[in-house]
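The values are calculated or read from the model by the stated rules, or taken from the named source; none is laboratory data. From a predicted model like this one, the values you see are computed outputs, not experimental measurements. Cβ atoms come from the backbone with ideal geometry, glycine included; neighbour counts cover every protein chain shown. Remember, those area values only see protein heavy atoms, side chains included, never the ligands or the DNA or RNA. Shrake-Rupley method; radii C 1.70, N 1.55, O 1.52, S 1.80 Å.
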Amino acid sequence: MVEVVDRSCSKFSRIKGTRIWILVICLVFNTLALNAHVLDELSVKTRLFVKQEGIDFKLELAPGVLIAEPFLKILDPRQTKEISESGRSAFLNHVIRHMVVLVNHNEVSPDCGFTEIPAISELITGVGTIYLDCRIDGPIPKHAGYDFEYRNSLESGVALYSLHISSDRENQVFITEEERDEITQDSIRFSVKHGFEPGDVGHVWQADLLSSQSPVSNSLGDRISDLAGMKSLLRILKMDRFSPAEMALLLVLAAAAGFLHAFTPGHGKALVGAYLVANRGSVVQAVQLGLIVTLTHTASIYLFGGLSLTATYLFLPSRVIPVLTVASGLLVIAIGLYSLIRRGLKLEVDHAHLLPNFQVFGKGNVNILIDGNAAEATEYFSLAAESESVLYSLAAAGAEDITICSTGCDTHHKHWLRILDENQQLGMLKKAVRTGAVDAFVSRDRSRREKIGDLLRKKGGEVFQPPMETDSAERLLVKIVGRFNRKRTVNLPGNEMTWRHLFSLGFAGGVVPCPDALAILLIAVSMAQILSGLMVVFAFSVGLSLALMLTGVLVVSMGNLTIYSRAAGKITTVVPYLTSLFLTGLGCYIVFNAF
Amino acid sequence: MEIKKLAVCGKGGVGKTTFSSVLSYVLARKGREVFAIDADPNPTLAEALGIPDHILADITPIAEMTELIAERTGARPGEYGSFFKLNPRVKDIPDRYAIRYRDIHFLMMGATKKAGQGCACPENTMIKALMSYLIVKEKETVVLDMVAGTEHMGRGTAASVDVMLIVVEPGTRSIKAAKQFHRFARDLAISKICFVANKVRSEKDELFIKKQMLGLDLVGSLPYSDSIIEGERGGIAIYDSDSEYREEVSRILERIGVR
């Protein structure tokens, strides 16, 4: 999955550099295919054994949890959760239909039968493997050489094929002129010779070497899943009952697996990252977001795990997950568009002021907000603030100090997104006023005084024109201090992210159950280890959530670096727009990849 | 009224730092506690005062005291666009951060990057507040070595400057710049504005300046001195390297009313 690339900053310390490398590593994992879950794939393994009498096939079909449904429809068309005879023969026909076998360029039909077929519950959970034995012995010229060709196109959209061939060399059966598609491994052509000349042994070896090589079947997602211990967990769960120590170890392993597994694509890291970047979230919010995703995710697995095990096919994971994915994608699109539109309409004040630093206002202080265009007044106020009359009135009002505040610099207005500035500056001033901490707003600009005035008066403050010399500043200060009310309600927010925002995104990020975790639960249940399964899934989710929190904290801590650089400040101006767009795009991607 | 707040300005290279350093020592010799403030973006006053390299190496300009600025203004230097306090507490800074060398208290303000007039970034706010405090509230004598006098000073502060000394050299560009500074200083309502001629090599130079400064308050002519250049190379305080220069600075002080 694509992750949001954060902003750059010119002066990174070594520690900050390390953090970036950690994130880069995470990004490398995430830039690979979105749906690379091993359980989203069908593994089709063909073993060919060339004998004197003919050619034997062994087929292993291992459908992942999301791929099992087409097979189930054939094997159990009446949805009785039992495999019927008619289902078996229909399935064999289905498999044979997708195989092409040519002997000396003439098509022949293989004779196939089941060696092993798993229970429906195993297929549902994506851990069952179907074994088939096939044979061709009809028209083969048994004592002469012949050309052979084999192709398989079963579920070609989702299947990963592998081919293994070997020959009965003890009885002088050799394979030559082998050609196969090394990438897809879905077709092979070779010649069979009997009693081959010893001088060409090297050639024979080459054919055998090729056949003994591992097929190119393991995707990166598969390998990471292995790394994350998914398969080990599945195997452990198939064991008998656990002792408390084994259970504890299993839970730790599950948490570690969840943690590593989160770094495989498709676990909401991009969502968490993008959202925190767009909204300049804090570390605490990164943690909260991680927690919400975990809780939603665990609940979602429990719910759909439970529903999957009911008698009905309605809640097959392969049906439910795409629907949930679409719903989640739509929710992400909605969030992305919502924030994009709000930013477009300038309702969202982010610009460079994403960390408004309202803490500068002290609750016990007389806080004066001064407009950038009244810079000279600051000096008069500062000088007057130490005059005896002002100090006396401060003491009388019970105020601790006078804080004169401004939003910043005039150089501000020179950059290329100036058009946004006026509204955003005003929005920023209004936000400050809404905290209830502002006692006075001083501006030379009449329209600004009017725009701020009503709101400020509701909060008990007042607007003023800037003083023109120190004496008038002193009188004005005495007046402002005189109005100070120590008991006023002050609410100094850390920043702008609300629980509503956090929850909606955390929910979208967690509502789609991770198929692997779902499979763990389903297997545990099928092994009558319900409690173990629930606990393992929870531990797995905790590990997963830790990884999300880590991503969030990295994104946030790197985001915070940029506010210390003025040049980076300009970048922060556009980042929220880009990340909103990214969220929208990501939502579309999720929806289109749901099926 | 006792003259205590002296601002020295002039075009770059005219010798305002040399003059400021000698001015500080002459005032200190009179028994005053002197704060010599380097508010030039290219600070060299410490060298002119003869402060040794090992002491110089430990001096951090106020504008670069990130933690101090963050503590007092609530925002870090260079931080872009958040709210911060425009009236930071600076009362303790002269005593806490000034380097004491040979009866002089030395403070280096440092340069604020890309700071224009009216810029309210945290570091500039800090320097403005400190300058304002030093000029308006400080009880001891303050000598300010600055470029133009307007960058860190508004009318409220400028009103407390007792004298602004604009340094000129015998050159048209320097005189043109000096007249511009004079206009700025007048706009700021500084009560006493004087001119000091520097690098005067001959009577011809002196006459040229007097002619150009007609009607303006020219309070002295400082000689062009090889010994100053040599002394500077040797790291000696300019005050110690040229007695003629030193005596002329004393006379300038008498002429402007410093006793």
Where in the range A:408-492 are there helices (runs of 4 or more DSSP H), lying wholly inside it, with at least 2 residues that are modelled with pLDDT of 80 or more and over 24 Å from A:GLY398 (Cα atoms)? A:418-434, A:446-458
Between B:ILE59, B:ILE69, which is free of Cβ contacts under 8 Å to residues at least 60 places away in the same chain and more than 14 Å from every other protein chain (Cβ to nearest Cβ)? B:ILE59
Would you confirm, using the coordinates I've provided, whether A:SER121 is within 35 Å of the chain's Cα centre (by Cα) and over 22 Å from A:LYS45 (Cβ atoms)? yes
Provide a single number: the residues in the range B:142-161 that are buried (at least 23 other Cβ atoms within 10 Å of the Cβ) and at pLDDT 80 or above. 8
Examine the range B:8-16 for a residue that is of a type outside the set (Phe, Trp, Tyr), touching a helix residue (DSSP H, G or I) at 6+ places or on another chain (Cβ under 7 Å) and open to solvent by 10 Å² or more (accessible area, probe 1.4 Å), and state whether such a residue exists. yes
Test result for A:LEU337, at pLDDT below 75, more than 7 Å from every other protein chain (Cβ to nearest Cβ) and within 27 Å of A:SER504 (Cβ to Cβ): no
Looking at (1) at pLDDT below 85; (2) part of a helix (DSSP H, G or I); (3) within 14 Å of chain B (Cβ to nearest Cβ), can you tell me which one A:ASN495 breaks? (2)
Picked from the range B:41-72 (must be closer than 22 Å to A:PHE358 by Cβ and at pLDDT below 85), the residue least open to solvent (accessible area, probe 1.4 Å) is B:ALA70
Count of the range A:69-121 residues which are in contact with a Ser or Thr (Cβ under 6 Å, 6 or more places away or on another chain) and over 23 Å from A:ILE188 (Cβ atoms): 2
